[in-house]
Each structure stands twice: as structure tokens, then as C-alpha cells.
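Structure record follows, encoded as C-alpha cells.
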Amino acid sequence: MIAPSLLSADFANLAAEVQRVADADWLHVDVMDAHFVPNLTLGLPVAQAIQAVSPVPLDCHLMIENPERWAPGYAEMGARNVTVHAEACTDPRAVARDLKAAGALAGLAIKPGTPLEDYLDVLPDFDTLLVMSVEPGFGGQSFIADVLPKARKARELVDAGHLTLIVEIDGGINADTIEQAAEAGVDMFVAGSAVYGAEDPSKAIAALRAQAAAAMNG
Ligand code: DX5
Ligand code: ZN
């Protein structure tokens, strides 16, 4: 499954940019607060406006401090999946509970340097694990392959029936990197520049999806 990241879209034409990826599985919306990451993007009012026009379910990736305070609002406004950063949570399980009570899937994100082992005990409460394959903050960075063992480990735990998780990867996913991520067992691929930087985003989505499917079956 492919989730184009709006971060690489034209922010002055969001309604039109959303329509260009209408055949995606999720639409990835990067929320940054200039505290948890050194960049500022958009918040709840803009996410809500996107939700109102998007034919694709929203996948809100909150790169913010104090997610306990802000994350439930994204679930309440109708996002399909809301992901918070493990490094920013004091009580990840409480956030997961609130997100699910508000009707969304609950996602936990880990930065490239954050070990999966530190969060194995809270993962049963989550629906999505977002493995960051770049340092969060900006689109267009190079893929960090060193994170793949974390995706592989999560896949093993899911396949063994110990966890029920969508394994998602975010950062530097393109035609050169998606196959290794698919082989590691990723289900959901976030792609910003690879989709919105393409002449035809819809064709780019189809090509990435086909590549991932071939790598998974191969
Ligand atoms: C980075 C964001 C990513 C970003 C990915 O902090 O979380 O979602 O948009 O962009 P690409 O695919 O260009 O690396
Ligand atoms: Zn993201």
C-alpha cells in the first residue's frame, strides 16, 4: 500500500494536489511543530480542510511535542490513522487508547536511532508501527537502510501472531529503495518526493505499488 506524503505537494494548491493522488491507499499528512522537529508545517485546522476534500483516508503523522494533548483532535475529525512519536510520549498506551476511542487507528513512530525493543511492551496497544527511514523534519532526504532490521523484526512478530500491526516506513522511499523495504516486510510505504516530484503522481503510485508487490512475492 502506498501513502503519498503531502509534504512534497504544492501547499498553495492543496485541494488539487489531493486529487492528483486519488488512487493512493492513505494520504500521509506531516504535522510538524518546530519543537519536536526543526520545521513547521500545518496543524488541525488545515488537516481538517484536507480531510473535507480528500477521497483518500488520512494518515496523520504527528511530529510534535505533547501528543497527548493534540493527537485525539486528529482522530475526532476523521483521520483513519494517527501516528505519534514514541520519543515524544510519556504514556504511549494512554495515547493509543484515546485515539482508538475517537475512532482512528493508533500509530507509533520511531526515529532512525530509536530501538524497537524499547517499545515492544506498548506495541500490542497500537495498530500501526511507523519506522522512520530518515531523520524526521524534511522531505527529499536519503533512505537510511540501517533501520530495516526494525521493520523485519516487527514483521516477524506480526507473522508469529504476537502483534497485529501495519508496518509502515517513511523517508526516502522511491524506485531505488522500495524493494528492500518490501523484502523486509513493510506493508505501507510513505513516499513524498517520489510521488509529487513525478510528472504523473498517479502513475508513480502504480509503479511503486507494482515494484513492492513483486519484491514481496519474489
Ligand atoms: C519527513 C516526513 C516524511 C517525508 C517523506 O519527516 O515524515 O513523510 O514527507 O518525504 P520523502 O519521501 O521525500 O523522503
Ligand atoms: Zn511522515
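The values are calculated or read from the model by the stated rules, or taken from the named source; none is laboratory data. All figures in this text were calculated on a predicted structure; none of them were measured in a lab. Cβ atoms come from the backbone with ideal geometry, glycine included; neighbour counts cover every protein chain shown. Ligands, DNA and RNA are stripped out before the accessible areas are found, and what is left, the full protein with its side chains, is counted by its heavy atoms. Shrake-Rupley method; radii C 1.70, N 1.55, O 1.52, S 1.80 Å.
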Rounded to the nearest 20 debye, dipole of the chain from Cβ charges on Lys, Arg, Asp, Glu: 260
Accessible surface, 1.4 Å probe, highest first, among residues Asp159, Asp33, Asp176, Asp59: Asp176, Asp159, Asp33, Asp59
Net charge (Lys, Arg +1; Asp, Glu -1) of residues whose beta-carbon lies under 12 Å from that of Ser133, Ser133 excluded, is -2
Counting only DSSP beta bridges with both partners in the chain, the antiparallel fraction in percent, to the nearest 5, comes to 5
The number of Lys pairs in the chain whose alpha carbons lie under 25 Å apart, excluding pairs fewer than 8 residues apart on one chain, is 5
What residues qualify as long-range amide H neighbours of Leu163, i.e. H under 5 Å apart, gap of 5 or more or another chain, H built at 1.01 Å from N? Val158
Excluding Ser142 itself, what net charge comes from residues whose Cβ is under 11 Å from its Cβ, given Lys and Arg +1 and Asp and Glu -1? -2
Relative contact order (%) - the chain, alpha-carbon pairs under 8 angstrom, separation at least six: 19
If you roll a 1.4 Å probe over the chain with all protein chains in place, what percent of the accessible area is carbon or sulfur? 51
Take every Cα-Cα pair in the chain and report what % of them are more than 26 Å apart. 27
Summing -39500 (n - 2.57) over the DSSP H runs of n ≥ 4 in the chain and dividing by its residue number, what mean residue ellipticity at 222 nm do you reach, to the nearest 500 deg cm²/dmol? -10000 deg cm²/dmol
Pull out a ≥ b ≥ c, the square roots of the eigenvalues of the alpha-carbon gyration tensor of the stretch 40-140, then state rounded if a/c is under 1.5, prolate if not and a/b is larger than b/c, and oblate in the remaining case. oblate
With the other protein chains left in place, how much accessible area per residue, in square angstrom, belongs to the stretch 2-217 at a 1.4 angstrom probe? 41
